[in-house]
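**Student:** The structure under discussion is supplied below as structure tokens; questions concerning it will follow.
The values are calculated or read from the model by the stated rules, or taken from the named source; none is laboratory data. It should be emphasised that the depicted structure is a prediction, and the values quoted were computed from it without experimental measurement. Cβ placement follows ideal geometry from the backbone for every residue including glycine, while neighbour counts extend to all protein chains displayed. For the accessible areas, the whole protein counts, side chains as well, though only heavy atoms, and no ligand, DNA or RNA atoms are used. Shrake-Rupley method; radii C 1.70, N 1.55, O 1.52, S 1.80 Å.
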Amino acid sequence: VQLQASGGGLVQPGGSLRLSCAASRNIFSFNTMGWYRQAPGNQRELVATVPRGSSAIYADSVKGRFTISRDIAKDTVYLQMTSLIPEDTAVYYCHAESFADHFWGQGTEVTVSS
């Protein structure tokens, strides 16, 4: 399984970015898909995840600002990020889980700075 993440970059505070994660197989074959992030010196943390057949789950720090969505036809999961703040600066990783098997994308870097 391959997860190809893209869409990171440099953005000013208050700006927006959309991350994409393209999977090499049908995304409904996964129990969950989502995004994690890791800032320098910090542990990797959950940002948002969407279990198959259930509602999305968000970290408290991004609720109301980030939205996770899926395009089944493209086997792609998106993370729409708005009202970005410097604390959102991190490498963002796409994640998928299928019956205890975990898959990770290569990471895409997001920098929020003026």
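**Student:** Within segment 80-99, restricting attention to residues that are closer than 21 Å to F28 by Cβ and not aliphatic (A, V, I, L, M), which residue is surrounded by the fewest Cβ atoms within 10 Å (Cβ to Cβ)?
**Tutor:** Taking the candidates together, the pick is F99.
**Student:** Right, next: Enumerate the pairs (first residue in segment 3-23 and modelled with pLDDT of 95 or more and charged (D, E, K, R); second residue anywhere and in a loop (DSSP other than H, G, I, E, B) and open to solvent by 20 Å² or more (accessible area, probe 1.4 Å)) with beta-carbon separation below 7 Å, excluding pairs fewer than 6 apart on the same chain, so at least 6 apart or on different chains.
**Tutor:** R18/G7
**Student:** Any residue in segment 51-78 that is over 22 Å from Q2 (Cα atoms) sitting within a Cβ distance under 8 Å of a residue that is acidic (D, E) and at pLDDT 95 or above? List the pairs, counting only those 6 or more apart or interchain.
**Tutor:** Partner pairs satisfying both residue conditions: A59/E45; S61/E87; V62/D88.
**Student:** Looking for whichever is under 15 Å from H95 (Cα atoms) and under 11 Å from the mean Cα position of the chain (by Cα) here; the options are I68, I27, I57. Which one fits?
**Tutor:** Being under 15 Å from H95 (Cα atoms) and under 11 Å from the mean Cα position of the chain (by Cα) holds for just one of I68, I27, I57, which is I68.
**Student:** What tally of residues in segment 63-79 results from selecting those that are surrounded by fewer than 17 Cβ atoms within 10 Å (Cβ to Cβ) and closer than 25 Å to G14 by Cα?
**Tutor:** Number of matching residues: 5.
**Student:** Examine segment 70-87 for a residue that is assigned to a strand (DSSP E or B) and modelled with pLDDT under 95, and state whether such a residue exists.
**Tutor:** Checked segment 70-87: at least one residue is assigned to a strand (DSSP E or B) and modelled with pLDDT under 95.
**Student:** Taking only segment 90-114 into account, find how many residues are under 13 Å from the mean Cα position of the chain (by Cα) and among the hydroxyl-bearing types (S, T, Y).
**Tutor:** Residues flagged as under 13 Å from the mean Cα position of the chain (by Cα) and among the hydroxyl-bearing types (S, T, Y) within segment 90-114 amount to 3.
**Student:** Same structure again: Take the residues in segment 100-114 that are in a strand (DSSP E or B) and among the polar types (S, T, N, Q); name whichever of them is nearest to N26 (Cα to Cα).
**Tutor:** Taking the candidates together, the pick is T108.
**Student:** Same structure again: Exactly one condition in (1) at pLDDT 95 or above; (2) open to solvent by less than 40 Å² (accessible area, probe 1.4 Å); (3) out of contact with any Cys (no Cβ under 8 Å at 6 or more places or on another chain) is false for F103; which is it?
**Tutor:** Evaluating F103 over (1) at pLDDT 95 or above; (2) open to solvent by less than 40 Å² (accessible area, probe 1.4 Å); (3) out of contact with any Cys (no Cβ under 8 Å at 6 or more places or on another chain) leaves (2) as the failure.
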